[in-house]
Structure formats: structure tokens, C-alpha cells
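The block underneath contains the structure these notes are about, expressed in C-alpha cells.
What follows draws every value from the coordinates through simple rules; no lab data is involved. All figures in this text were calculated on a predicted structure; none of them were measured in a lab. Ideal geometry is used to build each Cβ from the backbone, glycine not excepted, and the neighbour counts take in all protein chains shown.
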Amino acid sequence: MSQHKIEIFGIPQSNFTRAVRIVCEEKGIDYLHLPVRPHSDEANDIHPLGKVPGLRHGEVRLGESRAIVAYLDRQYPELPMMPASPPALAARLEQWASIVMTAVDPVLIRQYVFAYLFPATADGAVDRAAVDATLPQMEALVAMLDRALAGADYLAAGSFSFADAILLSTLAPVRLFPEGKRAIDAAPHLGRYFSLHSARPSFVATDPWSAPAAGEGA
Ligand SMILES: N[C@@H](CCC(=O)N[C@@H](CS)C(=O)NCC(=O)O)C(=O)O
């Protein structure tokens, strides 16, 4: 085991960075958080595309949240956040983590939340048309997640996993804005799931939204 401390790079408002930090907190890893922006020198040095999060651990440099969690689970095998067995469970965890990262995040964060945080209007006012355009897709995704969480406290397993970490870190900024909060809170299973986990110490310890830094996005 390396003597070096785990270092996680990325602005705290990044839902991917927060998910990796939630994993570190859940696993009880003594890590250092360096709040760097995407495409900063530090991010470019670690991630081939300059994205965050990035991990540095001695000589090891890694980008991509799923790869970082795989590394953390192998270095710190207690309390795996993506267990490798049994096969059906491991695959189900991958399925849900992938759905959140590749289908939920692009609509809920890159389109809906960004329409509020980074409006492409001349005066910086919220672009209602851009917000409204995301609502049918948001509604469909919320309904899909609500079905998945019927009778379940976790998205993909009988215990907390990276799939939950990335889902919770993605839902949190959506609830800052009226349509997102309404949609999530009105979905019985998803709403219950969010309030159940919002008191988790790992979620509270990584919360960037109680005092957001101006101009930083999810
Ligand atoms: N697939 C990446 C996505 C990471 C990502 O998109 N990070 C955002 C911040 S939340 C970013 O760095 N955006 C800058 C960019 O896309 O150029 C992962 O899982 O880590």
C-alpha cells in the first residue's frame, strides 16, 4: 500500500467530484480535497480531457469517476462501493451507475441545472425556453428513477453504493430550482429516497450548496 495520501481534485459543485468524495467518506478514507476547476493546470495534468474529478495517489494519476472508485475499492477493499460479486449484483450496479452518468446527468445537470446557472442570454437572465425544453425529459427520467426505487432504500443493491453516490450528488443541484424540486419531491419513492439519504454524514460533509461559490457550476 502506498504511503501517500489520496488526493481528489475537482470543484465541490461538480456532481461527479462530489460522488467520488462521498465514496471516500463512506469508506472512511483519509483523503485530501483540492477544489480545482475543469481544465485548470492540475485537472489537465491528471485527466486526459481536463475534466474533474481527478485522483492523485503517489505516482498514480486517474480521471473518470468510475475508474477512480474502482481504484479506491481495490486499494481499500473494506466496504466496497462497487462490489465485484456476485456477478448479477456487480453488473446491476454498473448498469445503474452508467444510466445515471450517461442518461440522467446530461439532462438534469448539463441541460436543466446549467440553463439556470449558465444562461446563454445576453443579459444573463434565466432562459425560460431552455429550462422549459428540458422538462418533458426530466419528467420521464424522474418517473423512471421513481419506479426503480419502489420499495428500495438503494438504487442497485442492498446497501449504499457508488450508484447511490452519483444519483444523490446529481439530484441535489436539481432540487435547488423550482421545477426540479417539485418533480423530485412529488415522486413518492424518489422523494423518500432523497430525504432518507440527505442526512447521511457523507452527503452532509460534501455539501457544496449551502454556501455556493459564485459562478461555479455542477
Ligand atoms: N465521465 C466523467 C465526467 C466528468 C465531468 O463531466 N466532469 C465535469 C464537471 S461535473 C467537467 O469536468 N466538465 C468539464 C468538461 O466537460 O469539459 C466522470 O465520470 O468523471
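A few remarks follow.
- Converting phi to 3J(HN,Hα) with the Karplus coefficients 6.51, -1.76 and 1.60 and the offset θ = phi - 60°, the stretch 190-202 yields 5, x, 5, 4, 5, 6, 4, 8, 5, 9, 4, x, 5 Hz in sequence order, with x at every glycine or proline.
- Protection proxy ranking, peptides 97-110, 19-32, 162-175, average beta carbon neighbours within 10 Å, highest first: 162-175, 19-32, 97-110
- Overall dimensions of the stretch 87-205, expressed as equivalent-ellipsoid semi-axes from the Cα gyration tensor (√(5λ), whole Å, largest first), are 27, 14, 13.
- Cβ-defined net charge surrounding T121, 13 Å radius [Lys, Arg +1; Asp, Glu -1]: -1
- Residue of A88, A130, A205 that the Gaussian network model of the chain assigns the largest fluctuation, springs spanning Cα pairs under 10 Å: A88
- Cross-link partners of K5 among lysines (Cα-Cα below 22 Å; sequence separation of 8 or more within a chain): K27, K51
- The chain: radius of gyration over Cα atoms, expressed as a fraction of 2.2 N^0.38 Å: 1.00
- Summed side-chain charge close to K27 - residues other than K27 whose Cβ falls under 9 Å, Lys, Arg +1, Asp, Glu -1: -4
- Formal net charge of residues neighbouring R56 (Cβ-Cβ distance under 15 Å; K, R +1; D, E -1): -3
- Convex hull volume per residue in cubic angstrom - Cα atoms of the stretch 50-137: 121
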